[in-house]
Amino acid sequence: MRVRRLIKAAGEPALAVLGLGTFLAILGPYDTGALGWPAVWIYWTGLMALGGLFGWNSGNLIACWKPDWPLWTHYALAAVAVSVPVTVAVMAINAWFDGRLDWRGLPLTFFFVLVISAFATGVGYVTDRLRARPPAAGPGASPRASPALTDKLPLNLRNAPILALQSEDHYLRVHTGRGDALILMRLSDAIAAAEALDGAQTHRSWWVARDAVRQVRKGDGRATLTLEGGIEAPVSRTYYPKLREAGWF
């Protein structure tokens, strides 16, 4: 279940890496077309994969560090952060081809990498903004959590179904159908923001959406709920009777 969840979460980023890598390989900027196929494709998809890995992690760290800053600044800072390891990789590749390391080319290489990073990050920002547009309200519209919660999520998760809320010290991990994110918010405030959703608190550190439950394991006045994607949420003795009476198990 967890392997399936990881594959699902990695699917879209992998397609983005392959798409951007292929596009840049066809374009062949900075004379990389001289490498020929498939070397130029391996070159660009490899750099896109490296940049995507650092971009995802740095983006999450920046969002936790400065959650109140405008979202475009998170993407801009991520583009700069990504450029550092990718520049190192490009310099290493150039040194391997040339047989020597030319430090004089470092500033220009960083600039070229920053341009590509800004382009890739910009594509991600626009895509996530389009995906984050709220669906049109109507008689059959599904209930949604309050913007007090959803506006703290990364753009690509804002319209995803919320499966569970998990308290982690001063932070809150929001599990969704497209992955999870760590935000700065108290569990009690998040539960209040999710009031319109059909769910319940199952533990002092957990809230679970009812329709996300796939399996229940009971024993000794406690239970473990297996949710969509293999997430396991505990049910403590405190909340067990109330959930049993509500027909959760």
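The values are calculated or read from the model by the stated rules, or taken from the named source; none is laboratory data. Note that the coordinates shown come from a computational prediction; the quantities given were computed from them, not determined experimentally. Here Cβ is always computed from backbone atoms with ideal geometry, including for glycine, and neighbour counts include all displayed protein chains. The area values use the complete protein model at the heavy-atom level, side chains included, leaving out ligands, DNA and RNA. Shrake-Rupley method; radii C 1.70, N 1.55, O 1.52, S 1.80 Å.
In a simple Cβ point-charge model (Lys, Arg +1; Asp, Glu -1; nothing else charged), the chain has a dipole of about 740 debye relative to its Cα centre.
Relative to the longest principal axis of the Cα atoms of the chain, the long axis of helix 2-27 lies at roughly 30 degrees. With one equal scatterer per alpha carbon and no solvent term, the Debye-computed log10 I(q)/I(0) for the chain at 0.07, 0.17 1/Å reads -0.33, -1.23. So how tilted is helix 71-98 from the main axis of the chain? Cα-based, degrees 0 to 90, rounded to 10. Long axis of 71-98 versus the principal axis of the chain: about 40 degrees.
Highest mobility in the GNM of the chain, judged by mean-square fluctuation with C-alpha springs under 10 Å and restricted to 65, 103, 206, is found for 103.
Please report the net charge: other residues with Cβ closer than 14 Å to the Cβ of residue 91, K and R +1, D and E -1. Taking every other residue near residue 91 into account, the sum is 0.
Within the stretch 78-123, the ratio Rg/Rh, alpha carbon atoms throughout and Rh by Kirkwood, equals 1.02. Measuring nothing but how far apart in sequence close Cα pairs (under 8 Å, 6+ apart) lie, relative to its length, the chain scores a relative contact order of 13 percent. So, R0 is 25 Å and r is the distance between the beta-carbons of residue 15 and residue 198; what FRET efficiency does that work out to, to 0.05? In this case the efficiency is close to 0.20. Rounded to the nearest 20 debye, the dipole size of the stretch 91-232 about its Cα centre is 160 debye, using +1 on the Cβ of Lys and Arg and -1 on the Cβ of Asp and Glu. When the convex hull of its Cα atoms is viewed from all sides, the stretch 126-249 shows a mean projected area of 8.0 nm². Think of a 1.4 Å ball rolled over the protein heavy atoms: the chain then has 59 Å² of accessible area per residue. Between residue 245 and residue 188, the contour length at 0.36 nm per residue exceeds the Cα-Cα span by 18.3 nm.
Shape summary of the stretch 179-223, radius of gyration then Dmax from alpha carbon positions: 12.2, 34 Å.
Shown for the chain: the carbon plus sulfur share of the solvent-accessible area, taken with all protein chains present and a 1.4 angstrom probe, equals 62%. Per-residue extension of 0.36 nm, minus the Cα-Cα distance of residue 106 and residue 49, leaves a gain of 18.4 nm for this segment. May I ask for the net charge around residue 166, where only other residues with Cβ less than 10 Å from the Cβ of residue 166 are counted and Lys, Arg are +1 while Asp, Glu are -1? Net local charge, residue 166 excluded: -1. The helix-only estimate of mean residue ellipticity at 222 nm for the chain, built from DSSP H runs of length n ≥ 4 each weighted as -39500 (n - 2.57), is -17000 deg cm²/dmol after division by the residue total. Relative to the longest principal axis of the Cα atoms of the chain, helix 39-65 runs at roughly 50 degrees.
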